[in-house]
1. State all residues of region 262-286 that are free of Cβ contacts under 8 Å to residues at least 12 places away in the same chain and surrounded by 14 or more Cβ atoms within 10 Å (Cβ to Cβ); if no residue qualifies, say none.
2. All but one of (1) within 20 Å of ALA93 (Cβ to Cβ); (2) touching a residue at least 60 places away in the same chain (Cβ under 8 Å); (3) buried (at least 19 other Cβ atoms within 10 Å of the Cβ) hold for PRO130; state the number of the condition that does not hold.
3. When you go through ALA29, ALA22 one by one, which is the residue that is free of Cβ contacts under 8 Å to residues at least 60 places away in the same chain and open to solvent by 50 Å² or more (accessible area, probe 1.4 Å)?
4. Does ALA180 count as touching a residue at least 12 places away in the same chain (Cβ under 8 Å) and under 20 Å from ALA226 (Cβ atoms)?
5. Filter region 44-57 for residues that are modelled with pLDDT of 90 or more and within 25 Å of THR20 (Cβ to Cβ) and give the result.
6. State yes or no: is ILE72 outside any strand (DSSP E or B), under 30 Å from GLU41 (Cβ atoms), of a type outside the set (S, T, N, Q) and touching a residue at least 40 places away in the same chain (Cβ under 8 Å)?
7. PHE10: in contact with a strand residue (DSSP E or B) (Cβ under 9 Å, 6 or more places away or on another chain), surrounded by 15 or more Cβ atoms within 10 Å (Cβ to Cβ) and under 29 Å from PRO282 (Cβ atoms), yes or no?
8. Can you pull out every residue in region 84-115 that is open to solvent by less than 60 Å² (accessible area, probe 1.4 Å), at pLDDT below 90 and over 24 Å from HIS270 (Cβ atoms)?
Amino acid sequence: MISIRQLRYFVEIVEARGYTRASERLFIAQSALSRQIKELEADLDVVLLKRDAKAFELTQAGQDFYARSRRILLDLDRAVAQARTIGKGEHGALRLLHSSSVPLTAPLGPTLNDVLKDFPGISLEISQTPSEYQAREIVEGSADIGLARLPILRANPDLESTVLYRERLVAAVPAGHRLAQRAEVEIAELRDEFFVTVPHRDRGGLSYLVAERCIAHGFYPRVARATSRKNSLLSLVNAGFGIAVVPQSMASISLSAGVSFPALKDADFHSEVALLRRRDAPVMVQQFVETFMSRLQQTGLGG
């Protein structure tokens with residue numbers, strides 16, 4: 001039978017890049033470590049590591065087994081830690097990630113706060129993380145819940161995604177811009193403008209969506225000489241480097257008097273926000289998520 005100890009030994013060897021360093025970290029003899037791996041390979045009937053006196057190399061089977069073993073150990077460590085905190089009457093912590101284009105303004109933030117009142121044994125650790133990276137961290141087990149701006153480019157069978165609401169997109173232009181006094185504009189009017197945010201080849205999210213919609217309207221966003229991810233793009237707009245297309249919620253929290261936000265007339269310029277979690281998430285996570293989505297629906301968020 002394969003043991004948790006063997007999984008830990010195998011993962012440690014891979015991450016330490018060798019038996020010598022792994023044995024030092026684990027405080028066991030190299031001979032004992034080697035014997036455990038040989039027994040593991042015998043139980044699996046497959047070679048995981050090709051090794052000689054100086055180096056080792058993961059086989060294809062070993063690469064896959066490492067990724068899965070690491071996930072199992074992460075899940076186990078989290079389960080043990082959670083059981084201990086519950087057993088001691090302490091608060092369990094859920095890690096929640098959100099994209100910078102999904103600000104925790106009303107009703108998201110207040111709803112989360114309201115739900116916490118129903119779960120006195122839970123606290124939230126909240127971090128800002130790009131949508132694509134949220135999916136990876138949740139699948140790997142280092143986070144529990146994500147609030148992501150779609151699309152997410154890499155599908156994963158272990159990830160469950162539920163659309164929470166749809167939001168209108170607006171243009172962000174400097175106060176002195178030719179369109180600043182307009183209530184609405186068409187995307188075609190932005191064809192010759194410079195955009196201060198452009199899609200990353202490995203990420204989905206808002207920038208990818210905006211570029212995709214612009215292409216559908218016959219042009220690709222021209223890249224400004226200074227660009228930014230979401231955190232500071234409105235500062236670049238204010239400074240006159242270019243324009244951006246952002247969700248209405250980002251416009252509502254902008255403190256800059258130097259940026260105007262005319263709405264986009266085009267019907268296809270909207271964006272969806274989704275809640276992410278693992279399909280096999282612990283019961284506590286599932287209960288928290290279900291309560292949160294139910295309360296959020298009661299607020300009438302959408303559009």
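The values are calculated or read from the model by the stated rules, or taken from the named source; none is laboratory data. Predicted, not measured: the structure shown is a model, and the values here were computed from it. Positions of Cβ are generated from backbone atoms using ideal geometry, with glycine treated the same way; all protein chains shown enter the neighbour counts. Surface accessibility is based on the protein's heavy atoms, side chains included, excluding ligands, DNA and RNA. Shrake-Rupley method; radii C 1.70, N 1.55, O 1.52, S 1.80 Å.
1. Initial filter on region 262-286 (free of Cβ contacts under 8 Å to residues at least 12 places away in the same chain): 267, 283, 286.
Result: GLN286, single match.
2. Against the list (1) within 20 Å of ALA93 (Cβ to Cβ); (2) touching a residue at least 60 places away in the same chain (Cβ under 8 Å); (3) buried (at least 19 other Cβ atoms within 10 Å of the Cβ), PRO130 comes up short only on (1).
3. Answer to the selection: ALA29.
4. yes
5. Pass one, region 44-57, residues modelled with pLDDT of 90 or more: 44-48.
Those that are modelled with pLDDT of 90 or more and within 25 Å of THR20 (Cβ to Cβ): LEU44, VAL46, VAL47, LEU48.
6. Yes: the conditions hold for ILE72.
7. On the way: in contact with a strand residue (DSSP E or B) (Cβ under 9 Å, 6 or more places away or on another chain): yes; surrounded by 15 or more Cβ atoms within 10 Å (Cβ to Cβ): yes; under 29 Å from PRO282 (Cβ atoms): yes.
Taking the combined requirement at face value, the residue satisfies it.
8. Hits for region 84-115 are THR85, GLY92, ALA93.
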